[in-house]
Amino acid sequence: MEPIKDFDSFYNIKIAPQLDNLTKENKSADIFGVLMVIGLLLTIACFIATIIGTIESSGGFTLAVILLVLTILFIYKYTQKEDNYTDDFKKNVIAEIVNYLQPGIIYKPEGYVSSKEYKRSSLYRGKYDYYEGDDLIQGNYKGVNFYCSEIHTYNAMRAYGSITVFKGLFFVAGTSNTYAGGTYVWPQNDDQFARTLGHEHNLLPMPETIELHLHDTEFEKYFCVCSTDPHEARTILTPEMMALLVKYRKQLKRNISFSVVKGRCYVGIPIAQDLLEPTNDPTDREEIKKHFFTVLLVLSIINQLELSRLN
């Protein structure tokens, strides 16, 4: 294996040689994208001109149909080229990042964490209409079996567009099977308690729990806790684990949610931006660096929260 020590060396050795082909594919997709837009505009203009009589009706209609067929062809070619670029970007950039940072970890661009796991975690209980995801990463790191992906759950509101319930990185890891109950740690400003009967109707179901106060002022400034088994919750949320959660929350500067349910540990990190998607310019070094640090974020969950403690 090449002596790659940091992002710059990794980029120069693994990514730079791929850029010519990726740039050509991206430009090819862009060309058909422009042709698609031009064809669509000309088709509409031709139909309008025929209707208002600027162009003779039979000739105008024939021309409009020809333009429409060409536009459909351009749409097909654009979609094909864009899909090829996406596939090759993920194969030659994202997969290389994953393999470099932790050899042996599996990356599946079209895979994602199941809705069953999402619901069981109770990290985000809002009911949703649509469940989407991609970029599954799975494997074993420091003795912890895990898998994670980007997940987006949302409701479609015709008048106001879609309303997001959760969008970001959703992480699952195996823990000791002795954790048979459910312990849930939510941000203080985003707890998932049902405050009213009406509110309960809009939430996904979860087991009956007891709200806990762990008498840690710093921890409870950021988090609230409930559990089906208070004794088990205290074996999970030791003073050390609470300190790790607070430290990680401060490092990320964003809310995190955490639960341990029936032998699984779940972590949710809301992130508005799309993760591990192709950049508009494959030569944009800073955009590729963001992907590099997204994969590092996955590994940091295991590192920073010391999840091997839960095995």
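Readers should treat all values here as calculations from the given coordinates under stated rules, not as data from a laboratory. These figures come from a predicted structure and were not determined experimentally. Cβ sites come from the backbone with ideal geometry, for glycine too, and all protein chains shown count toward neighbours.
Looking at region 77-208, the pairs of alpha carbons with a distance over 21 Å make up 55% of the total. When the charge dipole of the chain is built from unit charges on Cβ atoms (+1 for Lys and Arg, -1 for Asp and Glu) and taken about the Cα centre, the candidate among Tyr100, Leu296, Pro207 whose Cα reaches farthest toward its positive end is Pro207.
Loop exposure criterion: chymotrypsin sites (Phe, Trp or Tyr not before Pro), DSSP state outside H, G, I, E and B, at most 14 other Cβ atoms within 10 Å. Applied to the chain, the longest stretch between such sites is 1-159.
Relative to the Cα centre, the charge distribution of region 106-310, modelled as +1 at Lys and Arg Cβ and -1 at Asp and Glu Cβ, gives a dipole magnitude of about 240 debye. With N the number of residues in region 144-259, Rg(Cα) / (2.2 N^0.38 Å) evaluates to 1.17. Once whole DSSP H runs in the chain are found, which of them have Cα atoms spread over 18 Å or more along the helix axis and a mean Kyte-Doolittle score of at least 1.0? Long hydrophobic helices here: 19-52. Can you classify region 31-154 as rounded, prolate or oblate using the Cα gyration tensor, where a ≥ b ≥ c are the square roots of its eigenvalues, rounded means a/c under 1.5, and otherwise it's prolate if a/b beats b/c and oblate if not? Here region 31-154 falls in the oblate category. Across region 7-101, Cα-Cα pairs more than 24 Å apart make up 46 percent of the total.
Rounded to two decimals, what is the ratio between the C-alpha radius of gyration of region 251-299 and 2.2 N^0.38 Å?
Values: Rg = 14.0 Å, N = 49, 2.2 N^0.38 = 9.7 Å.
In units of the 2.2 N^0.38 Å rule of thumb, it is 1.45.
Take every Cα pair under 8 Å whose residues are at least 6 apart in sequence, average their separation, divide by the length of region 106-310, and the relative contact order is 23 percent.
Note on region 72-210: dipole from Cβ charges, positive end direction compared against Ala194, Tyr184, Leu73; the farthest Cα belongs to Ala194. Among the trypsin sites (Lys or Arg not before Pro) in region 4-112, those placed in a DSSP loop whose Cβ has at most 15 other Cβ atoms within 10 Å are Lys5. Annotation for region 180-238: GluC sites (Glu not before Pro) lying in DSSP loop with at most 12 further Cβ atoms inside 10 Å of their Cβ are Glu208. Treating each Cα of region 106-310 as an identical point scatterer and ignoring solvent, apply the Debye formula and state log10 I(q)/I(0) at q = 0.13, 0.14 Å⁻¹. Calculated log10 I(q)/I(0) at the listed q: -0.73, -0.85. Counting only lysines at least 8 places from Lys91 when in the same chain, those with an alpha carbon closer than 22 Å to its own are Lys5, Lys14, Lys24, Lys27, Lys77, Lys81, Lys108, Lys289, Lys290.
Loop-located GluC sites (Glu not before Pro) in region 76-173 (DSSP state other than H, G, I, E, B) with a sparse environment of at most 14 neighbouring Cβ atoms within 10 Å: Glu110. Each residue in Ile106, Ile52 was given a count of other beta-carbon atoms within 10 angstrom of its own, and listing them fewest first yields Ile52, Ile106.
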